[in-house]
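K.L.:
Before I ask anything, let me first share the structure, which is written out below as structure tokens.
The values are calculated or read from the model by the stated rules, or taken from the named source; none is laboratory data. Since the model is a prediction, treat every value here as computed from it, not as a measurement. So basically every Cβ, Gly included, is an ideal-geometry build from the backbone, and we count neighbours across all protein chains shown. All accessible areas refer to the heavy atoms of the entire protein, side chains included, with ligands and DNA or RNA removed. Shrake-Rupley method; radii C 1.70, N 1.55, O 1.52, S 1.80 Å.
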Amino acid sequence: YEAKLYMKLFISCLVFIFSTGLSNASEVSSALLEESDFQALSAKMEKQSLGLVLMLHAEHCPYCALMENEILSPMVVSGDYDNRVVIRKLQIDDARDVKDFDGSIVKPSDISDRYGATLTPTLIFLDYRGKKKAETMVGINTIDYFGVYLDEAIDKLVGNIKTGLADISKSSSKTSTN
């Protein structure tokens, strides 16, 4: 009888531990918002002098999920970037329309085409007008050093916004091997 009691207690503890861990993981993974109204976001960004880190992703992209869950969502949850950038995602293979920076209604694929993004995940670094202000980052090879490169790109984005430097051309990008 004692063995069954200990087994039930053990299983109950495991269920509690795993359910607690999974609920925390879902909180982190849901921290990165899917953007659908860039015009409204643009107004907030202009008012607060913020840049935009936009992850272009696809529905069945495991590297996109890795970038979201291991890099971007923890950045959002930390709050450490709130006074510098807004971090959002846009699913480029979604058929639903979005409102562009100028208020026009477009497909997400139109936005990815504008920035020359053909692979996912792709990070683009924009000002409130939707102009690129730092080099695009394509793919994710290792999460160990990715944060360092991302912080450098954010520093460049924010610096270029503050100094009013020219826009970055759409062909300029850093590519990581998946």
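K.L.:
Only one of these is open to solvent by 30 Å² or more (accessible area, probe 1.4 Å), out of contact with any Gly (no Cβ under 9 Å at 6 or more places or on another chain) and farther than 11 Å from S36 by Cα: S78, S112. Name it.
P.N.:
Values: S112 fails: open to solvent by 30 Å² or more (accessible area, probe 1.4 Å).
After ruling out the rest, the residue left standing is S78.
K.L.:
Right, another one. If a residue must be open to solvent by less than 30 Å² (accessible area, probe 1.4 Å) and either closer than 25 Å to I161 by Cα or not aliphatic (A, V, I, L, M) (or both), how many such residues does region 92-109 contain?
P.N.:
5
K.L.:
Then there is this: Quick one: is A43 at pLDDT 95 or above, within 20 Å of the chain's Cα centre (by Cα), part of a helix (DSSP H, G or I) and of a type outside the set (S, T, Y)?
P.N.:
yes
K.L.:
Could you pull out the residue among M67, M55 that is buried (at least 21 other Cβ atoms within 10 Å of the Cβ) and in a strand (DSSP E or B)?
P.N.:
M55
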